[in-house]
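Enquirer: A single structure is presented below for examination.
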Amino acid sequence: MTVEERREPGGEGFEPVDHTADVALRIWAADLEGLFRQAALGLVSFLTDPEQVSAVERHELRIEGIDLEELLVAWLGELLYRFETEQFLLADCRRLRIERQGTAYLLEATVHGERFDPRRHPGGTEIKAATYHGLRILPGETGAYEVTVVLDT
Amino acid sequence: MDKGETIPLKKVTDYLYEIPREDPMRVPGRIYCSAAMLDQVRGEGGLAQVRNVAHLPGIVGYSLAMPDIHWGYGFPIGGVAATDPAAGGVVSPGGVGYDINCGVRALTTALEADEVRGKLERMVQAMFRHIPTGVGSAGAIAKVSSKELDRVMRQGARWAVGQGYGQAGDLEHTEEGGCLEGADPSVVSERARERGRAQLGTLGSGNHFGEIDVVEEIFHEDAAAEFGLHANQIVVQIHTGSRGFGHQVCDDYLKVMARAVRRYHLDLPDRQLACAPVESEEGRRYLGAMACAANYAWANRQTIMALAERALLEALGASPRELGLRLLYDVCHNIAKLEDHDVDGEQRRLCVHRKGATRAYPPRNVKNPWRVGQPVLVPGDMGSESFICVGQEASLAATFGSSCHGAGRVMSRRAATRRFRGRDLIGEMRRQGVLVMAKDRGTVAEEMSEAYKNVGDVVEVMHQAGLSLKVARLRPLAVIKG
């Protein structure tokens, strides 16, 4: 699969970036919720052609992390888990909320998508996991968020 | 990020370089490579990771890297590090990697190159049909129950043999007999189980493959004879690991270790090095879960071997005797093991991490049934040659009995995809004499040979350094990929 850059109105998007051993995604958005949504869309773009994925089923997800970095790794890990065990491919998240709870974070999302169907969904790159390598989620200079996450393939 | 261009390197021999110890490193770093490889090694981050690993509590001797060193997570790929549990030594999931017990098995056959001419297409198509490959591949064998999965975790390759995949004799030709001690299914998460249940007997994607090769050159007659190898012989290689099961175990325990680092006040230069003392609750749990994943991987490769045999029998219309498929050896190259090693004249039980490195035991070792030393399998990248080597005495003192594991990437997947855009790669490979069957053409571009170091250069460094000697060179004829 060749993953293409994707920019959405509202100043959020993702692009694949070069990395010798594996693949990496640079993601940017005006807020944390947008950042996590783009990360999910970026992940799916490695697994298959996201244009071919329709929103036919819905799941409620709830993820926790001791910091934002762990929350992002756990969020992508959840989507990989759903893909491998239920063949669920995400088309979009229509509701995504991140809440600070003491020093930890909670993410709640409603995700839409469908089952992987090899006849309609081209197979892409198998992703083993999202890694912590160099992972820092920080607000950029303009207050927007940006992060690069390395995916182990 | 300091990628390593400025890290001081001292030449020890023509094939060994040292990063001198500076506080707070606990030991020096040592990298096996040739002068010609040095610029490339400096260029891409592996050296900084060798230095980072030298900070691990309880590390003994050196933070080591083999010549196929390239950038990894926390540990470099090609990294070897031993820690002493009795001295607060740690175990780090980052020193094993996500694909726990990723490894290779090589199978010899009674077939000669001449006998398969004109039949390769059928052979590789049958392998592609029998062995599921690619993203989310599943369904090679019936999804196992959770209870059955417990047995896979405890028994490893022996479980697969019990199910009729291969023979009991195969276990003697598998590192650790295909079963690592200390597996504890009670510390494996429900998620890892769920990911593992449907994926036994599947290859996956990325750099994993199944391959039909021909032995093109013999370098070491004595070892070749003992391994049952001769020129023009057809050999089969399988390269895969513990699939989603192992990935989930690693993911789960990185989380556990992140908390352990806080709890034990460990000061680490990279979060991906998260670890815990071997002699701690967290350390013991990780090793128990890791052994389960290692055993899953051995069951997986044992199953795939039997699927490959079925495929070849069907394609050739041959009897098992005519095909003569036998397991030469199975090695793991992503693992942490408790092993006894000599440290300053004293036997100590160490936790040896090999991340993209292969055990290379010499003849006399108790864990090695071979008269000539343990077979070291070094697969090349897609379409290029592979090597079978043999472990040497020198590896014990120098690298805790370790050698290289493969070629090591030099080009990112994206760069490879750009470089090869618009080219008929499968056609090109066919003209070079390699049939490729892949689920996704993108994988073929990412895995093109030019994206890797020359595996011949890598094994040559190990050969010259005397850690493992070259026995045979294999040329690929047909490959199945994800």
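Rule-based calculations on the coordinates, nothing more; no lab input. Because the structure is a prediction, the values reported are computed rather than measured. Reconstructed Cβ throughout: ideal geometry from the backbone, glycine too, with neighbour counts over all protein chains shown.
Enquirer: Would you tally the residues in segment A:43-95 being under 15 Å from the mean Cα position of the chain (by Cα), among the small types (Gly, Ala, Ser) and under 20 Å from B:Val135 (Cβ atoms)?
Expert: Number satisfying all stated conditions: 3.
Enquirer: Also, I was wondering about something else. Given the criterion crowded, with 22+ Cβ neighbours inside 10 Å and not hydroxyl-bearing (Ser, Thr, Tyr), identify the matching residue among B:Gly177, B:Gly201, B:Gly182, B:Gly228. Steps first, please.
Expert: Details: B:Gly177 fails: crowded, with 22+ Cβ neighbours inside 10 Å; B:Gly182 fails: crowded, with 22+ Cβ neighbours inside 10 Å; B:Gly228 fails: crowded, with 22+ Cβ neighbours inside 10 Å.
Matching residue, one of B:Gly177, B:Gly201, B:Gly182, B:Gly228: B:Gly201.
Enquirer: Output yes when any residue across segment A:26-34 is within 14 Å of another protein chain (Cβ to nearest Cβ) and in contact (Cβ under 8 Å) with a residue 60 or more places away in the chain, and no when none is. So that I can check it myself, show each step before the final result.
Expert: Here is the first cut: in segment A:26-34, the ones within 14 Å of another protein chain (Cβ to nearest Cβ) are A:26.
If we keep only those that are in contact (Cβ under 8 Å) with a residue 60 or more places away in the chain as well, we get A:26.
Yes, segment A:26-34 contains a residue that is within 14 Å of another protein chain (Cβ to nearest Cβ) and in contact (Cβ under 8 Å) with a residue 60 or more places away in the chain.
Enquirer: Now, a different point. Go over the candidates A:Val17, A:Val23, A:Val53, A:Val44 one by one and state the one that is within 14 Å of another protein chain (Cβ to nearest Cβ), farther than 26 Å from B:Ala258 by Cα and in contact with a Lys or Arg (Cβ under 7 Å, 6 or more places away or on another chain).
Expert: Numbers: A:Val23 fails: farther than 26 Å from B:Ala258 by Cα; A:Val53 fails: in contact with a Lys or Arg (Cβ under 7 Å, 6 or more places away or on another chain); A:Val44 fails: in contact with a Lys or Arg (Cβ under 7 Å, 6 or more places away or on another chain).
After ruling out the rest, the residue left standing is A:Val17.
Enquirer: Quick check on segment A:113-124. Is at least one of its residues buried (at least 22 other Cβ atoms within 10 Å of the Cβ) and away from chain B (no Cβ under 13 Å)?
Expert: Looking only at segment A:113-124, we keep the residues that are buried (at least 22 other Cβ atoms within 10 Å of the Cβ), and these are A:113, A:123-124.
After this cut, where a residue has to be away from chain B (no Cβ under 13 Å) as well, the list is A:113.
Within segment A:113-124, one or more residues are buried (at least 22 other Cβ atoms within 10 Å of the Cβ) and away from chain B (no Cβ under 13 Å).
Enquirer: If I go through segment B:334-369 residue by residue, how many of them are touching a Pro at 6+ places or on another chain (Cβ under 8 Å), part of a strand (DSSP E or B) and more than 23 Å from B:Ala407 (Cβ to Cβ)?
Expert: 4
Enquirer: Name the single residue that is surrounded by the most Cβ atoms within 10 Å (Cβ to Cβ) among those in segment B:97-134 being in contact with a Pro (Cβ under 9 Å, 6 or more places away or on another chain) and within 14 Å of another protein chain (Cβ to nearest Cβ).
Expert: Here is the first cut: in segment B:97-134, the ones in contact with a Pro (Cβ under 9 Å, 6 or more places away or on another chain) are B:100, B:104, B:106, B:134.
Subsequent filtering for residues that are within 14 Å of another protein chain (Cβ to nearest Cβ) retains B:100, B:134.
On the way: B:Ile100: 32, B:Gly134: 22.
For segment B:97-134, the residue satisfying everything is B:Ile100.
Enquirer: Which of the residues spanning segment B:285-333 are of a type in the set (A, V, I, L, M, F, W, C) and not in a helix (DSSP H, G or I)?
Expert: Answer for segment B:285-333, where residues must be of a type in the set (A, V, I, L, M, F, W, C) and not in a helix (DSSP H, G or I): B:Ala318, B:Leu325, B:Leu327, B:Leu328, B:Val331, B:Cys332.
Enquirer: On to the next question. Tell me which of these A:Glu78 doesn't satisfy, since it passes every other one: (1) surrounded by 21 or more Cβ atoms within 10 Å (Cβ to Cβ); (2) within 14 Å of chain B (Cβ to nearest Cβ); (3) not in a strand (DSSP E or B).
Expert: Checking A:Glu78 against (1) surrounded by 21 or more Cβ atoms within 10 Å (Cβ to Cβ); (2) within 14 Å of chain B (Cβ to nearest Cβ); (3) not in a strand (DSSP E or B), the one that fails is (1).
Enquirer: Something else: In segment B:139-218, which helices (runs of 4 or more DSSP H) lie fully inside it and hold 2 or more residues that are on the phi > 0 side of the Ramachandran plot, out of contact with any helix residue (DSSP H, G or I) (no Cβ under 8 Å at 6 or more places or on another chain) and away from every other protein chain (no Cβ under 14 Å)?
Expert: Numbers: elements: B:146-155, B:157-162, B:169-172, B:190-197.
Result: empty, no element qualifies.
Enquirer: In segment B:390-416, how many are aliphatic (A, V, I, L, M) and touching a helix residue (DSSP H, G or I) at 6+ places or on another chain (Cβ under 6 Å)?
Expert: Taking segment B:390-416 and keeping what is aliphatic (A, V, I, L, M), we get B:390, B:394, B:396-398, B:407, B:410-411, B:415-416.
Subset that is touching a helix residue (DSSP H, G or I) at 6+ places or on another chain (Cβ under 6 Å): B:390, B:407, B:411, B:416.
Qualifying residue count, segment B:390-416: 4.
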